[in-house]
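S.K.: Have a look at the structure that comes next, please.
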Amino acid sequence: MHAVSATARWTAAARAKESRRDDAIFTDDLAEELAGEEGAILFARYDNPGVGEFIAIRTRYLDDLISVRSDLTQVVLLAAGLDTRSVRLPWPPETVLYEIDQADLLDDKDKRLAELGARHGCVRRPVGADLTGAWSEALREAGWDPSAPTLWVVEGLLFYIPEPDARVLLRRVAEVSAPGSVLAGDLLSHQSMISEFSREGLRRLIEDGCPWLFGTDEPEEFLSGCGWRVTELKTPGEDGASYDRWPWNPPLPRDVMGFPRNFLFVAEKA
Ligand SMILES: C[S@@+](CC[C@H](N)C(=O)[O-])C[C@H]1O[C@@H](n2cnc3c(N)ncnc32)[C@H](O)[C@@H]1O
């Protein structure tokens, strides 16, 4: 398995932790099993103030967006990891959900989901492919329809691939998207790559073979250069991306530099 695929167990462990709270902002009943002991160890290893909270906020933010855009019944999760939205969310039954990730991770996930008796509320189609390679061909072969608008979700991926690959990926997504398609996901700031507050976490990720490689302080420009016009951009803690989870309120204004930062975005094909 690729080293970076272990990070899917980390984020699943974060969803498990949120799900155990009395005031959970979503419930992922499969997360604990999917994360396993390895996920719990990684969650402790990468724990930093705000990390678990951000993953919970990101999950809920994208859950809400998917619900609001339920008119888009073709959905692709780019780097789905151990995501269980196919089970958790109330989908229009005609929805087809494609999950792209490394083939070995998805094979393992399928096996575990079957063992756990997971019941999907939509048609779920796993697509094993490298997102820095010829993924769109594999997606088409799985039945994805390029003539229909797609809701693309890129969650927890873009900082694990080099900037040129991230650009090629999102440009390709725009090229193959029908009008009306939407892209939602998250980005890290460039400050997150260099800030002293991230140093220890970054060192551990490098040690584990899954370094963060790309962040930008100009997410709107980055996305527009890839063919996507941002319609919403939030940092955690802002109205619409808070859910009473963010530890620091009010959130730092965008123009305060020197601190790591996460961005949540929604964009439409330019
Ligand atoms: C932090 S996890 C996020 C998973 C999921 N979206 C979530 O939020 O839980 C990063 C995921 O990116 C996947 N990934 C990283 N590089 C990839 C690549 N080049 N092709 C396909 N998947 C990749 C890993 O396998 C892993 O599942």
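S.K.: If the requirement is being over 16 Å from the mean Cα position of the chain (by Cα), buried (at least 16 other Cβ atoms within 10 Å of the Cβ) and at positive phi, which of these qualifies: 201, 209, 240, 227? So that I can check it myself, show each step before the final result.
M.R.: Numbers: 201 fails: at positive phi; 209 fails: buried (at least 16 other Cβ atoms within 10 Å of the Cβ); 240 fails: buried (at least 16 other Cβ atoms within 10 Å of the Cβ).
Step by step, each of 201, 209, 240, 227 is checked, and only 227 is over 16 Å from the mean Cα position of the chain (by Cα), buried (at least 16 other Cβ atoms within 10 Å of the Cβ) and at positive phi.
S.K.: Cβ-Cβ under 8 Å, sequence separation 6+ or interchain: first residue in region 81-94 and at pLDDT below 95, partner away from the ligand (no atom under 16 Å from the Cβ). Which pairs?
M.R.: From region 81-94, the pairs are 93/121; 93/122.
S.K.: A further question follows. Restricting the search to region 241-266, which residues are over 17 Å from residue 159 (Cβ atoms) and touching a residue at least 40 places away in the same chain (Cβ under 8 Å)? Steps first, please.
M.R.: Within region 241-266, the first condition is being over 17 Å from residue 159 (Cβ atoms), and the residues that meet it are 241-258, 266.
Of everything in region 241-266, those that are over 17 Å from residue 159 (Cβ atoms) and touching a residue at least 40 places away in the same chain (Cβ under 8 Å) turn out to be 241, 242, 243, 244, 245, 246, 247, 248, 257, 258, 266.
S.K.: Residue check, residue 125 against (1) of a type outside the set (Asp, Glu); (2) farther than 27 Å from residue 10 by Cβ; (3) more than 14 Å from the ligand (Cβ to nearest atom), all met but one. Which one?
M.R.: Only one criterion is unmet by residue 125, namely (2).
S.K.: In addition: What are the residues in region 57-88 that are over 19 Å from residue 127 (Cβ atoms) and away from the ligand (no atom under 11 Å from the Cβ), if any?
M.R.: Listed by number, the residues that qualify are 57, 60, 61, 63, 64, 65, 67, 68, 69, 70, 71, 88.
S.K.: Residue by residue through region 139-168, note down the ones that are near the ligand (Cβ under 8 Å from one of its atoms) and in contact with a Ser or Thr (Cβ under 9 Å, 6 or more places away or on another chain).
M.R.: Selection gives 155, 156, 160, 161, 165.
S.K.: Select, from 44, 31, the only residue that is aliphatic (A, V, I, L, M) and either crowded, with 22+ Cβ neighbours inside 10 Å or within 11 Å of the ligand (Cβ to nearest atom) (or both).
M.R.: On the way: 44 fails: either crowded, with 22+ Cβ neighbours inside 10 Å or within 11 Å of the ligand (Cβ to nearest atom) (or both).
Criteria check complete, one pass: 31.
S.K.: Looking at (1) among the β-branched types (Val, Ile, Thr); (2) within 16 Å of the ligand (Cβ to nearest atom); (3) surrounded by 18 or more Cβ atoms within 10 Å (Cβ to Cβ), can you tell me which one residue 132 breaks?
M.R.: All conditions pass for residue 132, except number (3).
The values are calculated or read from the model by the stated rules, or taken from the named source; none is laboratory data. Keep in mind it's a predicted model, so treat the numbers as computed, not measured. Cβ: placed from backbone, ideal geometry, glycine included. Neighbour counts: every protein chain shown.
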